[in-house]
Each structure stands twice: as C-alpha cells, then as structure tokens.
Amino acid sequence: IQRRIPKRGFTNTRRVAYKVFNVGQIDQLVAKYGLTEFSPETLFVNGLVSRTDLVKVLAQGELKSKIPFKVNAASEKAKQVIEAAGGSLEIVQ
C-alpha cells in the first residue's frame with residue numbers, strides 16, 4: 001500500500017510550535033483566573049497550556065492590566081504595548 005499512496009508535501013522537523021496569546025485576551029484571563037504574573041508556570045497551573053508548551057504573546061488588542069510577563073517569545077509590537085501599559089517583559093528559554 002505504501003507504493004500506491006505517494007507522500008505529498010513537506011514536514012519541517014525543526015518547526016517550533018508556540019501557544020499564542022494576544023494582548024487583548026490577557027485582560028480577560030487575568031480577571032477570570034486571578035493571574036498576578038503571566039508565565040508558562042501560572043498558565044499550566046490554571047490548565048491553559050501543557051507543561052512543555054512554549055508561550056508567545058502577540059499584539060492584537062489592548063492591554064489594561066499592569067502585570068509582569070515571563071514568556072518564551074513576544075513580537076516587537078507586543079513588547080511596546082506591554083511596556084506602554086506599565087508592565088515588564090522577560091524572555092525565558
């Protein structure tokens with residue numbers, strides 16, 4: 001059967017997959033779960049990501065809460081939005 005069905009496409013084995021959170025979602029998450037810090041550990045405790053997931057913050061929406069961020073990646077625009085709201089951003093590996 002392997003000869004009859006050809007492989008189609010390409011699978012990148014070095015792809016890095018992130019769990020993406022927009023800045024607009026973070027205020028809702030802070031209100032719902034009572035987050036004091038936005039990090040993979042606090043998200044795991046609340047059941048939003050798994051233990052091995054990488055977290056990335058994107059800049060769609062507005063941020064009103066002033067909380068510290070410890071994430072694996074963030075866009076440049078998200079960094080500007082977080083710092084403009086009075087929060088701090090730390091990139092962890």
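The values are calculated or read from the model by the stated rules, or taken from the named source; none is laboratory data. Since the model is a prediction, treat every value here as computed from it, not as a measurement. Reconstructed Cβ throughout: ideal geometry from the backbone, glycine too, with neighbour counts over all protein chains shown. Areas reflect the complete protein model, heavy atoms only, side chains present, ligands, DNA and RNA absent. Shrake-Rupley method; radii C 1.70, N 1.55, O 1.52, S 1.80 Å.
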Pairs, please: C-beta under 6 Å, at least 6 apart or cross-chain, first residue without any contact (Cβ under 8 Å) to a residue 24 or more places away in the chain and in the range 17-39, second loosely packed, with under 14 Cβ neighbours inside 10 Å?
Tyr33/Asn46
Can you find a residue in the range 11-23 that is assigned to a loop (DSSP other than H, G, I, E, B) and surrounded by 15 or more Cβ atoms within 10 Å (Cβ to Cβ)?
no
Leu29 is checked against (1) under 16 Å from Glu90 (Cα atoms); (2) in contact with a strand residue (DSSP E or B) (Cβ under 8 Å, 6 or more places away or on another chain); (3) open to solvent by less than 50 Å² (accessible area, probe 1.4 Å); (4) assigned to a helix (DSSP H, G or I) and fails just one. What number does that condition carry?
(1)
Please go through (1) outside any loop (DSSP other than H, G, I, E, B); (2) surrounded by fewer than 18 Cβ atoms within 10 Å (Cβ to Cβ); (3) not β-branched (Val, Ile, Thr) for Gly47 and return the number of the only condition it doesn't satisfy.
(1)
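Restricting to the range 50-65, name every residue that is among the charged types (D, E, K, R) and crowded, with 16+ Cβ neighbours inside 10 Å.
If the condition is that a residue be among the charged types (D, E, K, R) and crowded, with 16+ Cβ neighbours inside 10 Å, then Lys56 is the only one that fits.
Check the range 73-93 and report whether any residue there is touching an Asp or Glu at 6+ places or on another chain (Cβ under 9 Å) and either among the basic types (Lys, Arg) or in a strand (DSSP E or B) (or both).
Yes, there is a match, as at least one residue in the range 73-93 is touching an Asp or Glu at 6+ places or on another chain (Cβ under 9 Å) and either among the basic types (Lys, Arg) or in a strand (DSSP E or B) (or both).
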Taking the range 66-84 and keeping residues exposed (fewer than 13 other Cβ atoms within 10 Å of the Cβ) and either of a type in the set (A, V, I, L, M, F, W, C) or within 18 Å of Ser50 (Cα to Cα) (or both) leaves Ala84
